[in-house]
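> Please find one structure pasted underneath; my questions will follow.
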Amino acid sequence: MWYDKPASVWNEALPIGNGRIAAMIFGNPDKEQLQLNESSFWSGGPSRNDNPDGAKGLDSIRTCIFNGDYIKANILSNKYLTAQKMHGSKFQVIGNLNLTFNNNEKCTDYYRELDLERAVSTTTYKVGNITYKREVFASIPDQVIVVRLTASKPGQLSFTASFDGELQKRVKALDAHTLEMTGLSGTHESVTGQVKSDTRAKIINSGGYTTVSSDEINVIKADEVIILISIATNFVDYKTLTANEEEKCARYLAVAEKKSYSAMLKSHLVAFQSFFNRVSFDLGTSPAAKQPTDVRIRNFSKSYDPELVSMYYQFGRYLLISSSQPGGQPANLQGIWNGSVNPAWDSKYTININTEMNYWPAEKCNLTEMHEPLVQMIKELSESGKETAKGMYGCDGWVAHHNTDIWRITGVIDFADAGQWPMGGAWLSQHLWEKYLYGGDLKFLESVYPVLKSACKFYQDFLIEEPTHKWLVVSPSVSPENSPSGHPSALVAGCTIDNQLLFDLFTKTIKAAKLLKKDEALIADYQKILDRLPPMQIGRLGQLEEWLEDWDSPNDHNRHVSHLYGLYPSSQISPYSSPKLFDAARTSLNYRGDVSTGWSMAWKVNFWARLQDGNHARKLIADQLTLVEPKKNAYMGGGGTYPNLFDAHPPFQIDGNFGCTSGITEMLLQSHDGAIDILPALPDDWRKGSICGLRAYGGFDVSIAWENNQVQMIVIRSNLGGNCRLRVSNEMTLSGGKALKVASGVNSNPFFETVTVKEPLISVSAKLNPVIMKSTCLYDLPTVAGKTYTIVCRK
Ligand code: FUC
């Protein structure tokens, strides 16, 4: 990614991060601004937000819903279930390190870049005949941000280093080379800010000298300067704030300053590239790629620029590596990059889609380690959510609603129409099973099984029988952030997404119990619940119904498409085993329309990939790669992409980046439907390309090359052994010409079990438009763990 001018606003600055600390780099020749973040710097402190009156209101709210008195249900819900005071904390900015230069002359030859393959940002420019260069990276092994400033002639580096930050307590030069800023997180909704931060910049100059004023350091006539930035807080875990931030901050610096710049750069590259280099993606290039990145985004819809797509894809992987590292916090609504003390939606964790979307690329894009912080958060929520289940609803097990934060709150926030969704834990829990399907690690499954079981426990207690069909339903609930048209409130019972989530949760927990040989009696109970969940239904428009009744409106363009959870990320809707539902899902999506907020368009890339319509998915990518003016920060519809390739909801929200990276993968490889599907949704204009190093269920690493829209070569490494069933659109053989076995019957590899759902009832007026499926070849390749297989197009 490169630009020919500095960032004038935040959405033009370039992000670096090591999962714990991060910076946005502006690259201004006169004044370099490094806007700093640390992942545990959140407002408030350990806290809970359950409404203690839940038990008093629950029964009457449920009765109101079954009687159709939605207004009263809403009023009671806001009174008895919604949090009365605390709606979650804010992820807050640490502040800025500013380097002010006294360039009197105009600068020329300006260039700045973010090298995604090295995770290094570089700015160069000339003043007179001297070339200046700044390199910045955030090191995973050394836990500091490293800045190197050089000039083409000795003695040319003179600048002043200073800190500022809205939440600063004090800025002070500790010695002639070390500047320190301490800070305290903000008080919010009457929870006192308790996260203490310590930020230090160590300035190491070669040549020249430094002088100190009380809160600034001046560097004068240096040849080269290295600045090490260390940030630490008193955060230990979501319940504990007892670390000594000053000691931690100093320790990181003390270790780092003993190393040379080149040694630090080397270990940074080794660590970063051990993740990044696992996947390579080539869609070809074109003259458009010679332009600066912002120009390419502006021109994308009018030009042929396939390389912008592959770069955007890899940028998603870059962002996940940089914002989510084992042992740390999961990527929040802005990953780890936030310039404000008061960010949009508090930059917290919205778990009715957004946080889950952040992690869609983790497994399939070969970044399984980056999934770990989310797994840890789910474990923690399963502790904090137990109190919520008991206190609010009198149920066993654990529950989380539509949001959480670093303190792992699990109560209902905002207001009933958005917050009264007791399914956040059910959705997050799917990630645990998903991780097992890719990695096949039974020890991991065993470690998370109690979380799955306890999630089921909650719904065993919480589900109630609805009067018409005697189905078991979740009530009160909402189809995330959407109301049936004409309804005075979103509150209802038995939303489609809730039923789908429970279908997955119970099915997967049963599978896990069987694999781990546990809880036989429970399995029978779970099966009884599964048998009584509402089936998916097809409504009068031929659409998949979003609610228990046929309430969908053809004019509903809400950004959430929650009832298609069953299509993606879940695998309940399949062209092969549930063609009617498949068709109804497509009808629903067509009614919903294309253009929406950033993340919604990203979700639709995944949907159209699952619907095997590559051209429609490709169209959504183009919609998403529409340039949004960087100053547009206010909430509004019509999302796109900022000049720095950050997804624009607007405002900036990182889920759209991750969601689109996931969607592009789904266009090229899927593994949910009983087989590894090669190029299931290749658009016409991606005629030639290759993608290497993706992961599929069952522990397979898959690389694919194609030409003239036809698969040319597939390379499969088997990590677990077992049958590898492949679905390909053209005929293939093993390299060397040996025929592949044509597959039949059920895939013997247990990781590929297909999902069977009940066939829907279809209303008389509903019209289906069945898809003519592309004919595909199905092959079985028995594999041995550790072996690699090459398969080529049959000539
Ligand atoms: C949900 C969405 C919004 C936004 C917010 C963070 O409330 O409906 O569009 O993404 O989360």
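> Here is a check on your reading of the model: is residue 312 within 16 Å of the ligand (Cβ to nearest atom) and open to solvent by less than 10 Å² (accessible area, probe 1.4 Å)?
Judged against the criteria, residue 312 is not a match.
> If the Cβ limit is 6 Å and pairs must be 6+ apart or interchain, which residue in segment 334-351 that is more than 16 Å from residue 642 (Cα to Cα) and at pLDDT 95 or above pairs with which residue that is among the basic types (Lys, Arg) and more than 9 Å from the ligand (Cβ to nearest atom)?
These pairs meet every condition: 346/90.
> Return the residues of segment 8-50 that are more than 18 Å from residue 292 (Cβ to Cβ), open to solvent by 10 Å² or more (accessible area, probe 1.4 Å) and among the hydroxyl-bearing types (Ser, Thr, Tyr); say none if nothing qualifies.
Hits for segment 8-50 are 39, 47.
> Given the criterion within 30 Å of residue 245 (Cβ to Cβ) and modelled with pLDDT of 95 or more, identify the matching residue among 45, 57.
The unique qualifying residue is 45.
> Consider segment 125-147. How many of its residues are open to solvent by 60 Å² or more (accessible area, probe 1.4 Å) and either in contact with a strand residue (DSSP E or B) (Cβ under 6 Å, 6 or more places away or on another chain) or closer than 19 Å to residue 37 by Cα (or both)?
Adding up the residues that qualify gives 3.
> So residue 745 fits all but one of (1) part of a strand (DSSP E or B); (2) loosely packed, with under 15 Cβ neighbours inside 10 Å; what number is the exception?
It fails just one condition, (1).
> Can you find a residue in segment 301-315 that is under 29 Å from residue 36 (Cβ atoms) and among the acidic types (Asp, Glu)?
Checked against the condition, which is being under 29 Å from residue 36 (Cβ atoms) and among the acidic types (Asp, Glu), segment 301-315 yields no hits at all.
> Turning to a different aspect of this structure: Quick check on residue 603: is it away from the ligand (no atom under 16 Å from the Cβ) and of a type in the set (A, V, I, L, M, F, W, C)?
no
> Then there's this: Can you name the residue in segment 333-358 that is near the ligand (Cβ under 10 Å from one of its atoms) and among the hydroxyl-bearing types (Ser, Thr, Tyr) and, of all such residues, is surrounded by the most Cβ atoms within 10 Å (Cβ to Cβ)?
Ranking the qualifying residues of segment 333-358, first place goes to 349.
> Report yes if some residue within segment 18-27 is at pLDDT 95 or above, of a type in the set (Phe, Trp, Tyr) and not in a loop (DSSP other than H, G, I, E, B); otherwise report no.
no
> To continue, here is another question. Failed condition for residue 236, given (1) in contact with a strand residue (DSSP E or B) (Cβ under 7 Å, 6 or more places away or on another chain); (2) surrounded by fewer than 16 Cβ atoms within 10 Å (Cβ to Cβ); (3) of a type outside the set (Ser, Thr, Tyr), with all others met?
With respect to (1) in contact with a strand residue (DSSP E or B) (Cβ under 7 Å, 6 or more places away or on another chain); (2) surrounded by fewer than 16 Cβ atoms within 10 Å (Cβ to Cβ); (3) of a type outside the set (Ser, Thr, Tyr), residue 236 is out only on (1).
> Same structure again: Of everything in segment 514-568 that's away from the ligand (no atom under 16 Å from the Cβ) and among the hydroxyl-bearing types (Ser, Thr, Tyr), which residue is most open to solvent (accessible area, probe 1.4 Å)?
The extreme case among them is 553.
> Something else: In this structure, does residue 230 turn out to be surrounded by 16 or more Cβ atoms within 10 Å (Cβ to Cβ) and of a type in the set (Ser, Thr, Tyr)?
When the stated conditions are applied, residue 230 passes them.
> Kindly indicate whether any position in segment 395-410 is away from the ligand (no atom under 16 Å from the Cβ), among the hydroxyl-bearing types (Ser, Thr, Tyr), farther than 20 Å from residue 602 by Cα and open to solvent by 10 Å² or more (accessible area, probe 1.4 Å).
No.
> Hey, another quick one. Answer with yes or no whether residue 111 is farther than 15 Å from residue 13 by Cα, in a strand (DSSP E or B), in contact (Cβ under 8 Å) with a residue 40 or more places away in the chain and not basic (Lys, Arg).
So residue 111 does not fit the description; no.
> Here's something else I'd like to know. Restricting segment 316-351 to residues that are part of a loop (DSSP other than H, G, I, E, B) and small (Gly, Ala, Ser), which is nearest to residue 691 (Cα to Cα)?
Checking each candidate, the answer is 324.
> Go through 383, 307 for me and flag whichever is open to solvent by 10 Å² or more (accessible area, probe 1.4 Å), away from the ligand (no atom under 16 Å from the Cβ) and in contact with a Leu (Cβ under 7 Å, 6 or more places away or on another chain).
Residue meeting the stated conditions: 307.
> Okay, moving on. Which one of 620, 645, 625, 668 is crowded, with 24+ Cβ neighbours inside 10 Å, of a type outside the set (Gly, Ala, Ser) and touching a strand residue (DSSP E or B) at 6+ places or on another chain (Cβ under 6 Å)?
Only one candidate qualifies: 668.
> Take the residues in segment 557-580 that are of a type in the set (A, V, I, L, M) and part of a loop (DSSP other than H, G, I, E, B); name whichever of them is farthest from residue 753 (Cα to Cα).
Residue satisfying both the conditions and the ranking: 561.
> Is it true that some residue in segment 411-433 is touching a Leu at 6+ places or on another chain (Cβ under 8 Å), within 16 Å of the ligand (Cβ to nearest atom) and open to solvent by 30 Å² or more (accessible area, probe 1.4 Å)?
yes
> Something else about it: For residue 554, all conditions in the list (1) within 32 Å of the chain's Cα centre (by Cα); (2) free of Cβ contacts under 8 Å to residues at least 40 places away in the same chain; (3) not in a loop (DSSP other than H, G, I, E, B) hold save one; what is the number of the exception?
With respect to (1) within 32 Å of the chain's Cα centre (by Cα); (2) free of Cβ contacts under 8 Å to residues at least 40 places away in the same chain; (3) not in a loop (DSSP other than H, G, I, E, B), residue 554 is out only on (3).
> Kindly evaluate residue 675 against the criterion of being loosely packed, with under 15 Cβ neighbours inside 10 Å, of a type in the set (A, V, I, L, M, F, W, C) and either farther than 29 Å from residue 507 by Cβ or in contact with a helix residue (DSSP H, G or I) (Cβ under 8 Å, 6 or more places away or on another chain) (or both).
The answer is no for residue 675.
The values are calculated or read from the model by the stated rules, or taken from the named source; none is laboratory data. Not measured: the values here are computed from a predicted model. So basically every Cβ, Gly included, is an ideal-geometry build from the backbone, and we count neighbours across all protein chains shown. Each accessible area value is taken on the protein alone, full model and side chains, heavy atoms only, with ligands, DNA and RNA left out. Shrake-Rupley method; radii C 1.70, N 1.55, O 1.52, S 1.80 Å.
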